[in-house]
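Read through the structure below, which is laid out as structure tokens, and then see the notes.
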Ligand SMILES: NC(=O)c1ccc[n+]([C@@H]2O[C@H](COP(=O)([O-])OP(=O)(O)OC[C@H]3O[C@@H](n4cnc5c(N)ncnc54)[C@H](OP(=O)(O)O)[C@@H]3O)[C@@H](O)[C@H]2O)c1
């Protein structure tokens, strides 16, 4: 594994450089604050209508309208939602300096052609493997979040050094930067979102909860069993790996997992996982995401609305309120 840490990275490529962060959402906020605390000259580029201006300035960070932020920057980091990157790039491209570096925290928009960066630009990826909230809190604790890094285009001969210095400045190299590519990061991330942690696991929890309730178990007990124990197993796997987790659970749980796990996650699941990966690689998910944005996010809105009122959510809120 090609993993690089702080000590092996020269911070100089960012010294005296101005970094424009486009977007002050989940990642934009965390990366701006971490860069600022690392002594980097940061400006946050915002739309005229943005409600984030006061919050950014209260943190002691400069703001500017998108074009102005980009015009003055040596490094421009695209931290707005992926599905608007094509339009956003069209808007900022005329203001990008010749030989500037364009950075991403997800490979999607380059891998699937939303953006075809100008030939004079360095194009790099530093993709923290977790949410911005955790990226910020780990940095504040003197720790870091592991990240993937890659260079797609090295116009100046400096792209690698800028990418590594950037990963160091946002704190990720305290944990480690792992070499990857835009394609590998994008494909693996999109696959995981659909098939494993963000798509598969929550649906498994819902299916388990609904099966128990349909079988006459109370919603409270079903929730505690099927949803409430997720954090416990996640922490154990995080600390010890899957085999290590199994060492510290009861024989009953371990034997049950042995019989049931492969019965539920069988070859038909693996077949559908392979289909998901093929669809991701063919660009079908990226296209669907663009369409969803163009149509005003109808599927996401519907799913959010329906998700708030399910029996599982009502039971979750009831238990949380009782615990408070
Ligand atoms: N979420 C995560 O923790 C995470 C983890 C790893 C990688 N990533 C990657 O990081 C990138 C950012 O994701 P995110 O989840 O942090 O995004 P996000 O929270 O949805 O970003 C919201 C920000 O984007 C700005 N924005 C939206 N549309 C814009 C436009 N047309 N022009 C300019 N700014 C616009 C918003 O500005 P306003 O203030 O004007 O609304 C807001 O500041 C993505 O590439 C994502 O894949 C995210």
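Every number in this text was worked out from the coordinates using simple rules, so none of it is lab data. Here the structure is a predicted model, which is why all the values come from computation and not from measurement. Cβ: placed from backbone, ideal geometry, glycine included. Neighbour counts: every protein chain shown.
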Open item on the list: Please list log₁₀ I(q)/I(0) at q = 0.12, 0.19 Å⁻¹ for region 127-189, using the Debye equation with identical point scatterers on the alpha-carbon positions.
Closed with: -0.30, -0.70
TODO: Please give, to one decimal in nm, the separation of the simple spin-label points placed at residue 292 and residue 53, each 7 Å out from Cα toward the Cβ.
DONE: 3.1
Open item on the list: Using all alpha carbons of region 55-159, what is the percent of pairwise distances in each 5 Å bin, ordered from the shortest bin to the longest?
Closed with: 2, 11, 19, 22, 21, 16, 8, 1
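For the chain, take the alpha-carbon Rg, divide it by the Kirkwood Rh, and send me Rg/Rh.
Working: Rg = 22.0 Å, Rh = 21.9 Å.
Expressed as Rg/Rh, it is 1.00.
Which peptide among 293-299, 222-228, 167-173 comes first, and what is the full order, when sorted by highest mean count of other Cβ atoms within 10 Å? Write down the numbers at each step before the final one.
Working: 293-299: 11.0, 222-228: 18.3, 167-173: 27.6.
Per-residue Cβ counts within 10 Å, averaged per peptide and sorted highest first, yield 167-173, 222-228, 293-299.
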Task: Theoretical gain in end-to-end length, residue 198 to residue 235 [0.36 nm per residue, Cα-Cα removed] - done: 11.7 nm
Open item on the list: Tell me the mean residue ellipticity at 222 nm calculated for the chain from its helices only (DSSP H runs of n ≥ 4, each -39500 (n - 2.57), averaged over every residue, nearest 500).
Closed with: -16500 deg cm²/dmol
Open item on the list: What FRET efficiency comes out for residue 156 versus residue 8 if R0 is 22 angstrom and r is the Cβ-Cβ distance? Round to the nearest 0.05.
Closed with: 0.55
Open item on the list: At 4 °C and a viscosity of 1.567 mPa s, what translational diffusion coefficient does Stokes-Einstein give for region 249-302, taking Rh as the Kirkwood radius over Cα pairs? Give it in µm²/s as a whole number.
Closed with: 91
Task: Under the Debye formula (equal points on every Cα, no solvent term), log10 I(q)/I(0) of region 216-324 at q = 0.10 Å⁻¹ - done: -0.54
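Estimate the FRET efficiency between residue 262 and residue 324 by the formula 1/(1 + (r/R0)^6), using the beta-carbon distance for r and 56 Å for R0, to the nearest 0.05.
Details: r = 39 Å, r/R0 = 0.70.
Efficiency, rounded to the nearest 0.05: 0.90.
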TODO: For residue 250 and residue 282, calculate 0.36 nm times their separation in residues minus their Cα-Cα distance, and state this gained length in nm to one decimal.
DONE: 7.2 nm
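Using 0.36 nm times the number of residues separating residue 207 and residue 220, minus their current alpha carbon distance, what extension gain do you get? Present the calculation step by step, with values, prior to reporting the outcome.
Details: separation 13, 0.36 × 13 = 4.68 nm, distance 1.50 nm.
Going from the current span to full extension adds 3.2 nm.
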- [ ] In vacuum, with every alpha carbon of region 128-244 counted as one equal point scatterer, what does the Debye formula give for log10 I(q)/I(0) at q = 0.23 Å⁻¹? Two decimals, please.
- [x] -1.28
TODO: Give, in whole angstrom and from largest to smallest, the semi-axes √(5λ) of the equivalent ellipsoid of region 198-276, with λ running over the eigenvalues of the Cα gyration tensor.
DONE: 20, 19, 13
